[in-house]
1. As a footprinting exposure proxy, order 27, 255, 101, 55 by other Cβ within 10 Å, with the fewest listed first.
2. Need one word for segment 8-99: rounded, prolate or oblate. Basis is the Cα gyration tensor (sqrt eigenvalues a ≥ b ≥ c); a/c below 1.5 gives rounded, then a/b vs b/c decides.
3. Using a 10 Å cut-off on Cβ atoms, rank the peptides 39-45, 138-144 from the highest mean neighbour count down.
4. By per-residue mean of other Cβ atoms within 10 Å, what is the highest-first order of 225-231, 128-134, 169-175?
5. So what is the relative contact order of the chain, in percent, for Cα pairs below 8 Å that sit 6 or more residues apart?
6. Given the options 222, 93, 214, state which has the largest fluctuation in a GNM of the chain using a 10 Å cut-off (strictly under) for Cα springs.
7. Return the calculated 222 nm mean residue ellipticity for the chain, to the nearest 500 deg cm²/dmol, obtained by summing -39500 (n - 2.57) across DSSP H runs with n ≥ 4 and dividing by the residue count.
8. If neighbour count is taken as other Cβ atoms inside 10 Å, put 107, 37, 248 in order from fewest to most.
């Protein structure tokens, strides 16, 4: 267990950097476990290793209190990470979220998001990137993906490139403090989880993205791979580990078309 100085805003999840390693402590439940499991299962997908951030688990101390946490290597390579919301406010004086929600049509919202980002950054095929991102969010129930945490990388001189997929800690029903307590069957919570990207249905978001930009991501893990990943997270109670396995396998069943034959 290691002790570090806090470097994040008061009242939010404890996040800080030490050297080239970023740490995020659990805040509302088991966010670190969710980050870890999602990143390990993305290894069983079409994504290249540089298309997503890999997380490991850690236990840290702050103000004499122990926290479960996850950690990842700095992936910016000297570039700056900027959220789409900040990018558009800095460039146009208005946030991308407001631009998206200026139209009630959900298809148009995603088209606007993609087209505006490509126009502003020069990044090509941002629609394919969004399709992959929305697929990850749907499969792993990441309810907290919005323009404040979708980001690109910039070198500060007008060049931009895609950021790897990161920040999946709100997935897998990890908020046990407020939204999804451990007192109920996790499968009962699944229908209540809503995304925030451009509408409130994971299924609809995926269908729109696939229609516009194609089906761009598939997986190849089964129960044995999930169990092997979760078995290595013994810093979390058995009840939580079992819940994560149950949620992942249920979502695999619901999105079976995303999985190649085993």
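Just so you know, all these numbers are worked out from the coordinates, no wet-lab data involved. Note that the structure is predicted; figures quoted are calculated from it, not measured. Cβ sites come from the backbone with ideal geometry, for glycine too, and all protein chains shown count toward neighbours.
1. Numbers: 27 19, 255 16, 101 12, 55 25.
With the sparsest Cβ surroundings first, the list reads 101, 255, 27, 55.
2. Values: a/c = 1.89, a/b = 1.27, b/c = 1.49.
It is oblate, given that a/c is not under 1.5 and a/b is not larger than b/c.
3. Numbers: 39-45: 19.9, 138-144: 23.3.
In decreasing order of mean packing, 39-45, 138-144 become 138-144, 39-45.
4. Details: 225-231: 16.7, 128-134: 22.3, 169-175: 26.7.
My ranking of the peptides, most packed first, is 169-175, 128-134, 225-231.
5. Details: 413 pairs, mean separation 56.2, N = 262.
This gives 21 percent for the chain.
6. 93
7. Values: 9 runs with 99 residues, N = 262.
When only DSSP H runs of four or more count, the value is -11500 deg cm²/dmol.
8. 107, 248, 37
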